[in-house]
Amino acid sequence: MTGRLNSAQPYALGLFRIVIGLLFACHGAASLFGVLGGAPGTSGTIEAGTWPGWYAAAIQLVGGALVLLGLGTRAAAFISSGSMAYAYFKVHQPEALWPMQNGGEAAAIFCWAMLLIVFTGPGAFGLDRFFASRAESGAGGADGGGGGGGKGADSERAPVVA
């Protein structure tokens, strides 16, 4: 059973990345464009350039879209995680210690989910893998050197299994 679960790991990570990226981008879109109920507490949009709300929303929209697509995944997830850590400790935590008390559950969960994506990578279904495989096949065909006996970028990105 463990073998079957391990073989599905890249697909589970890919689906996790897609869902987290979509939800994160939706938060940014709500704050920037007033869709999906608008910015929390305003039911509208955040005024452009206001600190930290507008910048957080921009990071949520762009970072969430990049994570969703699996494009520059680790960098986008790292910046997104940091923005949520900032949101939690500067906005929510001064109100009360626990996330249930200070309304910081979403910030805490997104922070840790994005940090997990930084360390696990994009999993399956990401554009990073698509572009890497295209670049690898293009480089191998041009000079005949191609990939060193199958030990190319795909073997380096294999998921770590405990």
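On the basis of the beta-carbon distance and an R0 of 35 Å, Tyr55 and Phe130 show a calculated FRET efficiency of 0.70. Dipole size of segment 1-130 about its Cα centre, with +1 on Lys/Arg Cβ and -1 on Asp/Glu Cβ: approximately 400 debye, rounded to the nearest 20.
Roughly speaking, to the nearest percent, how much of segment 25-96's 1.4 Å accessible area is carbon and sulfur? Roughly 69 percent, rounded to a whole number. Using the Cβ of Ile117 as centre and a radius below 13 Å, the other residues enclosed give a net charge of +1, where K and R count +1 and D and E count -1.
Based on the Cβ-Cβ distance from Gln101 to Val19, what FRET efficiency comes out when R0 is 22 Å, to the nearest 0.05? Given R0 = 22 Å and the Cβ-Cβ separation, E is 0.25.
Residues in segment 17-76 average 50 Å² of solvent-accessible surface per residue, probe 1.4 Å, ligands and nucleic acids excluded.
Got a sec? What order do Ser133, Ser83, Ser7 fall in by accessible area at 1.4 Å, biggest, i.e. largest, first?
Values: Ser133 50, Ser83 20, Ser7 75 Å².
Solvent-accessible surface, decreasing: Ser7, Ser133, Ser83.
Under 16 Å from a point 7 Å along the Cα-to-Cβ line of Trp112: which residues of segment 6-23 have their amide N that close? In segment 6-23, the label zone of Trp112 (backbone N under 16 Å from the point 7 Å along Cα→Cβ) covers 20.
The values are calculated or read from the model by the stated rules, or taken from the named source; none is laboratory data. As the structure is a prediction and not an experimental result, all values here were calculated from the model. Neighbour counts run over all protein chains shown; Cβ positions are idealised from the backbone, glycine included. Heads up: the accessible areas ignore ligands, DNA and RNA and are worked out on the full protein's heavy atoms, side chains in. Shrake-Rupley method; radii C 1.70, N 1.55, O 1.52, S 1.80 Å.
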